Amino acid sequence: TKLKNSIDDVDFLKRTIKILENKGCTDSDLFFELSKMLYDIEPTPSLAYAMSKFSISNKEPSNAIIYAKQAIDMELEQREKAIYYLGLADAYRASFYYSKARDAVYNALEIRDGWGEAYMSLGNIYIAGAKACGSDFEQTTVYWVAVDAFRQATSDEDTRERANKNINTYSKYFPTKETCFFNGVDAGKSHMVGCWINKNTIARTSD
């Protein structure tokens, strides 16, 4: 077939991949296969990142981690590298490696201080990992640190609207005054959220 005969034809692969991108077919098996062929011949960080994203949507998070790391290692431009660190965070989160996902976000923030997308990712990691944290009460305290992260994302105009929506949504999952009282926690006081998070925050209630 034309495809098999053109495996080594970099221009053909690039053209076909571009057509699929323009048609919004980046989540198709064909896009992934062509990207992999091109990557094997001419690896680039952007291709590795695209394959990492595809691997997550294809329920292959271990492959996603590998590709995201390769994208980071190859990329020289710092702003792009920060984006790829968030891709790595997504891959770790999909693999339930929540502390590693958080560390990847911190790496992105070292490059792009105050970046809203990184704080959005951090909040989503906390929410995804809440169920790994002890009792029902302890799980609800994780929403305090998640909302803290979303609050930091409101400082970036690109993420402000989404961050405010998430704050409104997840503040409803805070524990009640009664639940805090029975767990010996005072609203408005400093509280250490343990588990894999180990972060100080301020106790708040949903009522």
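Counting protein heavy atoms only, segment 51-95 has 51 percent of its accessible area on carbon and sulfur, 1.4 angstrom probe.
The charge dipole of the chain, taken about its Cα centre with unit charges on the Cβ atoms of Lys, Arg (+1), Asp and Glu (-1) only, comes to about 400 debye.
Taking the Cα centre as origin and putting +1 on Lys and Arg beta-carbons and -1 on Asp and Glu beta-carbons, what dipole magnitude results for segment 1-117, to the nearest 20 debye? Don't skip to the end; give the middle numbers.
Numbers: 16 positive and 19 negative charges, 57 e Å.
Rounded to the nearest 20 debye, it is 280 debye.
Could you work out the local net charge near ASP207, counting Lys and Arg as +1, Asp and Glu as -1, over the other residues with Cβ closer than 15 Å to its Cβ? Result for the neighbourhood of ASP207: +1.
Counting only alpha carbon atoms, the long axis of helix 160-171 and the longest principal axis of the chain meet at about 50°.
Only one of the values (1) 1.01; (2) 0.93; (3) 1.09 was calculated from this structure for Rg/Rh (Cα atoms, Kirkwood Rh); name its label. Evaluating Rg/Rh (Cα atoms, Kirkwood Rh) on these atoms matches (3). Since only TYR126, PRO175, ILE197 are under comparison, the one whose Cα sits farthest along the positive direction of the charge dipole of the chain, derived from C-beta charges on Lys, Arg, Asp and Glu, is PRO175. With the charge dipole of the chain set up from +1 on Lys and Arg Cβ and -1 on Asp and Glu Cβ about the Cα centre, the Cα lying farthest toward the positive end among the listed residues ALA104, PHE137, VAL147 is that of PHE137.
Among the cysteines of the chain, those with no neighbouring cysteine Cβ under 4.7 Å are CYS25, CYS180. Label separation (SER57 vs LYS189): 4.8 nm, computed from points 7 Å beyond Cα along the C-beta direction. Per residue, the accessible area of segment 109-207 comes to 54 Å², computed with a 1.4 Å probe over protein heavy atoms only. How tilted is helix 10-22 with respect to the longest principal axis of the chain? Cα atoms for both, answer in degrees (0 to 90, nearest 10). Tilt of helix 10-22: around 40 degrees. Here is the link list: LYS131/LYS189; LYS81/LYS189; LYS14/LYS165; LYS14/LYS100; LYS59/LYS199. Which ones come out longer than 28 Å on Cα distance? Beyond 28 Å between Cα atoms: LYS81/LYS189; LYS14/LYS165; LYS14/LYS100; LYS59/LYS199. Computed from label points 7 Å out along Cα-Cβ, the spacing between ASP73 and ALA128 is 2.2 nm. Between SER171 and SER95, full extension at 0.36 nm per residue minus the direct alpha carbon distance yields a gain of 24.8 nm.
Pairwise over distinct Cα atoms, reciprocal of the mean inverse distance: report the Kirkwood radius of segment 1-84 in Å, one decimal place.
On the way: mean 1/r = 0.0764 Å⁻¹.
Value: 13.1 Å, from the Cα pair sum.
For the chain, adding -39500 (n - 2.57) for each run of n ≥ 4 DSSP H residues and dividing by the number of residues yields -21000 deg cm²/dmol at 222 nm.
Rg to Rh ratio, segment 53-130, alpha-carbon atoms and Kirkwood radius? Across segment 53-130, the Cα-based Rg/Rh ratio is 0.95.
With springs only between Cα atoms under 10 Å, which of ILE66, ILE41, ILE17 fluctuates most in a Gaussian network model of the chain? Greatest mean-square fluctuation among the candidates belongs to ILE41.
Given a Förster distance of 22 Å, report the FRET efficiency between THR44 and ILE111 from their Cβ-Cβ distance, rounded to the nearest 0.05. Walk me through the numbers on the way to the answer.
Values: r = 19 Å, r/R0 = 0.88.
Approximately 0.70, to the nearest 0.05.
The values are calculated or read from the model by the stated rules, or taken from the named source; none is laboratory data. In this text the structure is predicted, and so the values were computed from the model without any measurement. Counting neighbours? That spans all protein chains shown, and the Cβs are built from the backbone with ideal geometry, glycine included. Just so you know, the surface numbers come from the protein's heavy atoms only, side chains and all, with ligands and any DNA or RNA stripped out. Shrake-Rupley method; radii C 1.70, N 1.55, O 1.52, S 1.80 Å.
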